[in-house]
Each structure stands twice: as structure tokens, then as C-alpha cells.
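Participant: Submitted below is the structure of interest, expressed as C-alpha cells.
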Amino acid sequence: MLLPIADVLTPTQVAQARAMLDAADWADGRITAGYQSAKAKDNAQLPEDSPAAREVGVLILDALSRNSTFFSAALPKRIYPPLFNRYAGGQSFGYHVDNAIRYDRSRGGVDPVRTDVSATLFLSAPDEYDGGELIIEDTFGTQSVKLPAGHMVLYPGTSLHKVTPVTRGARVASFFWMQSMVRDDGHRRLMFELDVSIRRLTADVPDHPALLQLTGVYHNLLRQWAET
Ligand code: NI
């Protein structure tokens, strides 16, 4: 499932994030690429221990913790701390598949995170740069994604994807992965659609007795599929 989520960050939060990121020390993006993707990758990235990366990462995780659409779509079990990249001057990232497992070293240990769901949170407005589309190929066909600053896209970690060359301005974004409680993308999609329809019914016919039953179905399916 490919899902855009609007307004994950407010314009004020985007401005705060950008002030910190624009003043930070960026490094060559190949530092986090696997062997195969290093050949395709040409961008700048903030080192994971950079104070700006940590501070803006906390801002993003805090916003996500209050975002019910995000929770419903990703059913996150473990979120890899947000990373940040910047493309300018023709930089791009060719087609690749992300590593299946990332090791989160942020809490002192080494926690493996299976990358079931990928996220890109746009931190530049589309009129700040030309190019820089995120192209995602999956069972839903090929999709081109370029969203307003503060908006985010979720897509399956299994998909082939690339970022087209940025030919004017700079594209700053956060990207990260999460391990979902529900590993299978098709199952996650069903859970999300069921949740969305229950919420619509709750708004339109709040006292209908079938809502109780449907809510029970949702939770009992989650009980079947969730790994906690
Ligand atoms: Ni990638």
C-alpha cells in the first residue's frame, strides 16, 4: 500500500526543522548505503549521531505518536530513528531495494529493525526544487511522489524505488523505516481499510449495533496477525 499522509508536521515545525537541518554538517550519503545501493546513491546525508538529526528526529517521532492515520496504516512495532538526506546539483538515487534489516544503535544496544514499511517525509516545498520525485514501483504500478513540506508517504519496504535528479534548488527530506506488528503488506492494507470504514460509520451512524461487531472483527483480526 502506498499512502500519502498530509500535515504530519505543521508549517512552524517544518520551519524549525529546516533551520536546524540547514545549519548542520552534511556528509556523503554513501555512509549508510549497502554495497549494492552505494553504486546508485548520490546525495548528502546527516550522520546518525548529528545533534540536528537527533533533535529533528524526536520532533518527527513525537508528531507521529499523535497521528492516528499513521498508526492505523503502519501498525508500528519499532521505528528506526529518522534519517535525513539532501539532493542538489543534479544528485539522484537510482533504483534500489532498501536493506531488509537495519540495526538501531541509538539506545546503546544493537536492535534489529525489519524494514516492513518505508517512509519519506518531505521538508522542502515542491516549488523549491525541480526533479527529486520519489518513484516507487510495486504491485500498484509505478507511482511518482512529490508532496508539500510536512507531508509524508508510506510505502512497502519491499518495493523498488528511486529519486530522480534534482536539477534546481535542494530537496531536503527525512526518511526512515519501521517494523510493523503486521508483517504482510496485504494484511496491513485490510486492517487499514477496515479501520477507516469503522471510523466513517462511527461518524455517520454512531449508535448502529453492527459497529460493535465490526470493531470486534478489527481487534480479533489484529490479534490473529500481530506480532508483539
Ligand atoms: Ni531507499
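The values are calculated or read from the model by the stated rules, or taken from the named source; none is laboratory data. Computed from a prediction, not measured in an experiment: that's the story for all the values here. Please note: Cβ atoms are built from the backbone with ideal geometry, for glycine as well, and neighbour counts cover all protein chains shown. Surface areas here come from the heavy atoms of the whole protein model, side chains and all, with no ligands, DNA or RNA. Shrake-Rupley method; radii C 1.70, N 1.55, O 1.52, S 1.80 Å.
Participant: Please state which one of LEU46, LEU59, LEU3 is closer than 24 Å to THR167 by Cβ and not β-branched (Val, Ile, Thr). Don't jump to the end; show me each part of the working.
Facilitator: On the way: LEU59 fails: closer than 24 Å to THR167 by Cβ; LEU3 fails: closer than 24 Å to THR167 by Cβ.
One residue alone meets the criteria, LEU46.
Participant: Let me ask another. Take the conditions more than 16 Å from the ligand (Cβ to nearest atom) and surrounded by 14 or more Cβ atoms within 10 Å (Cβ to Cβ) and apply them to SER92. Does it pass? Don't jump to the end; show me each part of the working.
Facilitator: Values: more than 16 Å from the ligand (Cβ to nearest atom): no; surrounded by 14 or more Cβ atoms within 10 Å (Cβ to Cβ): yes.
Against the criterion (more than 16 Å from the ligand (Cβ to nearest atom) and surrounded by 14 or more Cβ atoms within 10 Å (Cβ to Cβ)), SER92 does not qualify.
Participant: List the strands (runs of 3 or more DSSP E) inside segment 34-126, counting only whole elements, that have at least 3 residues being among the hydroxyl-bearing types (Ser, Thr, Tyr) and within 16 Å of the chain's Cα centre (by Cα).
Facilitator: Working: elements: 76-79, 83-88, 92-96, 101-104, 111-114, 117-122.
The strands (runs of 3 or more DSSP E) meeting that bar number zero.
Participant: Consider ARG66 carefully, then state whether it is within 26 Å of LEU3 (Cβ to Cβ), modelled with pLDDT under 95 and charged (D, E, K, R).
Facilitator: no
Participant: Of these, ALA23, ALA17, which one is more than 13 Å from the chain's Cα centre (by Cα) and either touching a residue at least 40 places away in the same chain (Cβ under 8 Å) or within 24 Å of GLU133 (Cβ to Cβ) (or both)? Outline the logic, then answer.
Facilitator: Working: ALA23 fails: either touching a residue at least 40 places away in the same chain (Cβ under 8 Å) or within 24 Å of GLU133 (Cβ to Cβ) (or both).
Going through ALA23, ALA17 in turn, just one is more than 13 Å from the chain's Cα centre (by Cα) and either touching a residue at least 40 places away in the same chain (Cβ under 8 Å) or within 24 Å of GLU133 (Cβ to Cβ) (or both): ALA17.
Participant: On to the next question. Which one of these is open to solvent by 50 Å² or more (accessible area, probe 1.4 Å) and of a type in the set (Gly, Ala, Ser): ALA23, ALA33? Walk me through how you get there before you give the answer.
Facilitator: Working: ALA33 fails: open to solvent by 50 Å² or more (accessible area, probe 1.4 Å).
Testing whether each residue is open to solvent by 50 Å² or more (accessible area, probe 1.4 Å) and of a type in the set (Gly, Ala, Ser) leaves just ALA23.
Participant: Here is a further query. Could we say that VAL166 is open to solvent by less than 40 Å² (accessible area, probe 1.4 Å) and either of a type in the set (A, V, I, L, M) or in contact with a Leu (Cβ under 7 Å, 6 or more places away or on another chain) (or both) here?
Facilitator: Numbers: open to solvent by less than 40 Å² (accessible area, probe 1.4 Å): yes; either of a type in the set (A, V, I, L, M) or in contact with a Leu (Cβ under 7 Å, 6 or more places away or on another chain) (or both): yes.
Yes, satisfied.
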